[in-house]
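Asks: Below is a structure I'd like to ask you about.
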């Protein structure tokens, strides 16, 4: 996955806040990469309402 690609949130690995859980099924654009706590690389996704948060790669699907 690369910066600028459109992705859909297809699953959530962990328990998350309501504001992030509501993003399940939504489409956003990869904005940047994020180093996680040793589990690999996360992807920061920006949504249409200017909300941005990061996800693991296996939580996203390219659209």
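The values are calculated or read from the model by the stated rules, or taken from the named source; none is laboratory data. Note that the structure is a prediction, hence the values are computed from the model and not measured. All Cβ positions, even for glycine, are placed from backbone atoms using ideal geometry, and neighbour counts span all protein chains on display.
Asks: What number goes with the only condition from (1) touching a strand residue (DSSP E or B) at 6+ places or on another chain (Cβ under 9 Å); (2) over 17 Å from residue 61 (Cβ atoms) that residue 46 does not pass?
Replies: (2)
Asks: On to the next question. Looking at the stretch 12-32 only, could you name the residues that are at pLDDT 95 or above and within 11 Å of residue 57 (Cα to Cα)?
Replies: 30, the sole residue that qualifies.
Asks: What's the total number of residues in the stretch 17-56 that are surrounded by 12 or more Cβ atoms within 10 Å (Cβ to Cβ) and touching a residue at least 12 places away in the same chain (Cβ under 8 Å)?
Replies: 25
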